[in-house]
Amino acid sequence: MGSSTVAVCRPSEIGADVRRPDGVPKTRGAFAFASDLSVEGMLFAKTLRSPHPHARIVSVDVAGALAVPGVRAVVTASDVPGAPTFGLEHRDQPVFASDVVRYQGEPVAAVAADDPATAVAAAAAIDVTYDVLEPVVDPEAALVGPALHPDGNVFRHLAIRHGDPDASGDVVVEGTYEVGMQDQAFMGPESGLAVPADDGGVHLHIATQWLHADRDQIAACLGLPPELVHLTLAGVGGAFGGREDVSLQIHLCLLALRTGRPVKMVYSRDESFLGHVHRHPARMWYRHHATRSGDLVKVEARVLLDGGAYASSSGAVVANAACFAPGPYRVPNAVVDGYAVRTHNPPCGAMRGFGAVQVCFGHEAQMDKLAAALGMDPVELRLRNALRTGDRLVTGQVVTGAAPVAEVIRAAVAHPLPPSLDDGLPMMARPGGAGMTADVADLRRGLGLAVGFKNICFSEGFDDSVAARLRLELGASATPVATVHVATAEVGQGFVTLAEQIAREELGPLDVVLADADTGVGSAGSTSASRQTWMSGGAVKQVCEQARRALVDRAAGIWGCAAAELVWLDGEVVWEATAQRMALAEILAGGPVEERCVHRHRPTTPLDAGGQGDAHLSFMFVAHRAVVDVDPGLGLVRVVQIATGQDVGRALNPLQVVGQIEGGTAQGVGLAVMEEIVLDHGQVRNPSFTDYLIPTALDAPDVAITLIEEPEPGAPYGAKGVGEPPAISSGPAVLAAIRDATGLELPRAPARPDDIALRA
Amino acid sequence: MSVTWPTRLDEAVDAAAAPAATLLAGGTDLAVEVNAGRRRPVAVVALRRVPELRDLEITPAEVVVGAGMTFSAIAAELAAAVPALAAAARTVGSPQIRNAGTVGGNIVTASPAGDTLPVLAALDASVELRSAAGTRTVPLRELITGVKRTAIRPGEVLVRIRVPPRRGAQQFLKVGTRNAMVISLASAALVVDEERRTVACGLGSVGPVPVRPAEAEAFIAGEIDWERLTVPEGAVARFADLAARAARPITDHRATAEYRHHAVAVLVGRALRRSIDVVPA
């Protein structure tokens, strides 16, 4: 269980295209994901879920399940020894529903049995009597309707009032937009293995994004002190925000403690769709005011996010949606209201782009409308209003870091266009692909541009920190080895190479071992918010710098000189006065060097009642130009090319940056044309990869990339995060391109075949 | 669960006679059902080792397709003889699915979205069923009786599909929301027979069983100049409209009935334009 990666020595400093050590094992099927965990004598667990989005639980009778041979334990709400509820921001979600269920798929009980089939049969043998109630699935109705939970229905209302609320412009455009519910659609379903410990605690091996947040919620619900709950990261098969919340963690630990045996659980695919949070669906109203020459005067916006049944991270998501609602433009006056409300739809929380994605569909459609109303080129309008360093956001915060908005726009539109439709197009590359539905004469090509931005790291005064430990010692054959220990969840983002690159950059050529991420070291925060390069990367850098000072001190002791006379140069300590050098291996001959640190970024502040404050640390900017072919007759779209300029600060591993951009682009394109959780009265109608469609290789566009490298002050090596921006404006650019091709308004993402063909 | 692996057709028919027998061909439908817990087979008869089920016979009188031919094999081997069937096979799932799934499996599953079914319907194909009681041949339109329902009797093995000869253009078009690996929202097959001067049309995913729009077929056959193989422009829209009127689509999470109606008309019109030169009225 768990695997340390010992890197072979190779050129791998900052800026190099270092390959992932787990890349080949993953492509060969040799990498151990959490679903591959196995230990002698383990039991298998299954969750019983509510089939109803809203119902009162009249009774739960587990006798039938206990009577199934091979069943070792059945647990329900009454078996939860500690806090009955959990949650990332507000602990409002029951471990098991006891009196009422608030969404389809809400856990009611869990079973542990000798084998998976017995667990499934036993869960089905639990007799739950429901009094089925009408679900409230319209967020507008929930906003003003009776409380669906003791904590009420409004997770958060953020009002931003900036400048003169009565300001108005010569030209005004208005629009209403909608974004459907997207799923993270990670390949590796939720999986974990809980092992009871001798000290009365429990050890959970788990695919997650944030070990310590899981630990604290588990411990509270188990009624255990946190130090008795130990977590180790297991192989993660994708996350994208969907593993930030607790899913099976508490159930597994509870069953392990109850049975005294290791317990494993792996969600089925349909269960996974019900078992994790999704991207918030959004309804947005916008009114933009501008001068006749095209300067933005005021943005008014109302953003309503459907948070589903429980809070998850709705508060932070709606804060982002409100803060970034105007887009990366200079807006002197703003009136923005963001709401996240509770309904009986599936809970929504973190997903790549976190609130910035939804509003980007709104603000970019508005910018195109405004350009049309002004008779102005949409690129020109955006360049004219593009944020620059020193400009003020609608939250009153001055952007002090790099803000190359004009640069990312110019880079995106500078890429050569793909060959035109007149040059012909292979059938598989047309809309409809293998279905051979379109002749070239049936197609229309469109172009669209969109620009987006988002915060890096946690905001609004959150104490964002990463603890790191480093041990330097001589390994086999007396070569120096650095062991880096952080609790950073590797979910595919590439910290696995970055930790190694930073250690070598700071300490010279040496073997680097990245110890298992676990709760044996302090928190690394979540692998989210595009923050781990800055935060965990920064922590590794900081602890290496400390180690360098310790090495210099030790060398000074050996030579009997003052440390101030020595410098660190190319992996050696150099005494410049005597031209003597001492290699790392020589210094470590005296014993290991151990250092630890806690890395923090510059503090941020909460937003005040008017939504004003320096709430964010730093921002990432991005622009996408989409080229699409549309078959208006059938409403089918193929995205031909996405050209992007992305503000990355500095690319620490350009190969991985390209990987993030290509993957994030596919996710953005998916939201624009196909990805949606289809709901019918709170019921998920498509919980499978048969019906929740994500782009295949035939649907993924060519991606033309320009990295804008303007180092970010205060960021380790000047690097910004890169994971989220590709998913922010790529989808809105695709929508704009479909509008260009069809002349349709298309206020909703995804643009479904019906939306195009029946209106064309 | 027991599994038997017959290697000859008569062994397979004997094994299929067991009351609890479940026939397994490519497994691309059955395994999904089993994994989802909807079926728990007790006696599986695996057909993949029966070579007769993969026989292909192409003669001027008939094309006989072994029920165990995979979609990949059909796409490769029938591209010239029955191009619409090959085109439909190419739209099924992913390469892995096409390498495993069979045309016989597609028929017995009888899903409204089964990709080869509208083609086989338009081709007036029939299937040969064999059991201990003997062999019978049933037209496809009588075989498929409803959503995932067929007239196959217990103990019968679908052995081969008989496709009568057709001389003329064939088309298959399928709408899905992505470019591959997608369940059809609507599909259309068009089979022109210049000898009999007929146009046959099969519509998929727009009714419980494949739809043959008889009125549309008769109309367009009368509009075509069979000597020149042309059709007047004005007839195309009418043909498409008549064909769509025969459709009985439903609204589900994949698409609305309104869209399916619309899409079928578009597909049929395009299929005709690809098959017959359209001339100004």
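Structural remarks
- Bridge orientation summary for segment B:1-142: considering DSSP beta bridges with both residues in this region, about 60 percent are antiparallel.
- Scalar couplings 3J(HN,Hα) for segment A:235-248, obtained by applying the Karplus form with A = 6.51, B = -1.76, C = 1.60 to θ = phi - 60°, are x, 9, x, x, 9, 6, x, x, 10, 7, 8, 5, 10, 9 Hz; x denotes Gly and Pro.
- Gap separating the Cα centres of segment A:182-247 and segment A:278-312, nearest whole Å: 34
- Average accessible area per residue (Å²) across the protein assembly as shown - probe 1.4 Å, nucleic acids and ligands excluded: 36
- Modelled FRET efficiency - R0 35 Å, A:W285 with A:D127, Cβ distances, 0.05 increments: 0.15
- Amide hydrogen proximity for B:D55: with H placed 1.01 Å from N in the peptide plane, the residues at 5 or more positions away or on another chain lying under 5 Å are B:G66.
- Segment A:598-630 and segment A:633-651 have Cα centres lying 21 Å from one another.
- For A:D439, the solvent-accessible surface with a 1.4 Å probe is about 50 Å², rounded to the nearest 10.
- Computed over protein heavy atoms with a 1.4 angstrom probe, the accessible surface ordering of A:H363, A:H162, largest first, is A:H162, A:H363.
- The Cα atoms of segment B:133-183 give a gyration tensor whose axes a ≥ b ≥ c have a/c of 1.5 or more with a/b no greater than b/c, which makes the shape oblate.
- The angle separating the long axis of helix B:257-275 from the principal Cα axis of greatest extent in chain B is about 70 degrees.
- Placing +1 on the Cβ of every Lys and Arg and -1 on the Cβ of every Asp and Glu, with no other charges, gives the protein assembly as shown a dipole of roughly 1620 debye about its Cα centre.
- Note on B:E142 and A:L417: their simple-model spin labels are 5.9 nm apart, each label 7 Å out from Cα toward Cβ.
- Relative to the Cα centre, the charge distribution of segment B:170-279, modelled as +1 at Lys and Arg Cβ and -1 at Asp and Glu Cβ, gives a dipole magnitude of about 500 debye.
- Residue order by solvent-accessible surface for B:S131, A:S729 is B:S131, A:S729, largest first, with ligands and nucleic acids left out and a 1.4 Å probe.
- Cα gyration tensor shape for chain A, rounded if a/c is under 1.5, else prolate or oblate: oblate
- Formal net charge of residues neighbouring A:A626 (Cβ-Cβ distance under 15 Å; K, R +1; D, E -1): -1
- Most mobile listed residue (B:T145, B:T102, B:T177) in chain B, GNM with C-alpha springs under 10 Å: B:T177
- Cα centroid separation, segment A:101-176 to segment A:410-464: 32 Å.
- Rh (Kirkwood; distinct C-alpha pairs) - segment B:129-281, Å: 16.8
- With every protein chain in place and a 1.4 angstrom probe, the accessible-area ranking of A:W534, B:W5, B:W226, A:W285, largest first, reads B:W5, A:W285, B:W226, A:W534.
- Simple label model, 7 Å out from Cα along Cβ direction - B:V279 to A:S688, nm: 5.0
- Potential lengthening of the chain between A:W559 and A:A141 amounts to 142.9 nm, from the contour at 0.36 nm per residue minus the alpha-carbon distance.
- Summing Lys and Arg as +1 and Asp and Glu as -1 over all other residues whose Cβ lies under 15 Å from the Cβ of A:A309 gives a net charge of -4.
- Counted over the protein assembly as shown, the DSSP beta bridges are approximately 80% antiparallel.
- Expressed as a whole percent, the accessible surface of the protein assembly as shown that belongs to carbon and sulfur atoms is 53, based on a 1.4 Å probe.
- Once both labels are positioned 7 Å from their Cα atoms along Cα-to-Cβ, the gap between B:R197 and A:S98 label points is 8.2 nm.
- Three-way shape label, chain B, alpha-carbon gyration tensor, a/c 1.5: prolate
- Charged side chains reduced to their Cβ positions (Lys and Arg at +1, Asp and Glu at -1) give chain B a dipole of some 780 debye around its Cα centre.
- Once the gyration tensor of the Cα atoms in segment A:419-472 is diagonalised, the equivalent ellipsoid follows with semi-axes of 50, 18, 11 Å, ordered largest first.
- Inter-chain neighbour count for B:178-190: the average number of beta-carbon atoms from partner chains within 10 Å of each residue's beta-carbon is 6.
- Using the rule -39500 (n - 2.57) for each DSSP H run of four or more residues, divided by the residues of chain A, the 222 nm mean residue ellipticity is -7500 deg cm²/dmol.
- In this structure, the amide hydrogen of A:L48, modeled 1.01 Å from its nitrogen in the peptide plane, lies closer than 5 angstrom to those of A:V108, A:A109, A:A110, A:V111, counting only residues at least 5 positions away or on a different chain.
- Buried accessible area, chains A and B (both chains, 1.4 Å probe, Å² to nearest 100): 2500
The values are calculated or read from the model by the stated rules, or taken from the named source; none is laboratory data. Note that the structure is a prediction, hence the values are computed from the model and not measured. Quick reminder, even Gly has a Cβ in these numbers, built from the backbone with ideal geometry, and neighbours come from all protein chains shown. Keep in mind that these areas ignore ligands, DNA and RNA; they rest on the heavy atoms of the full protein, side chains included. Shrake-Rupley method; radii C 1.70, N 1.55, O 1.52, S 1.80 Å.
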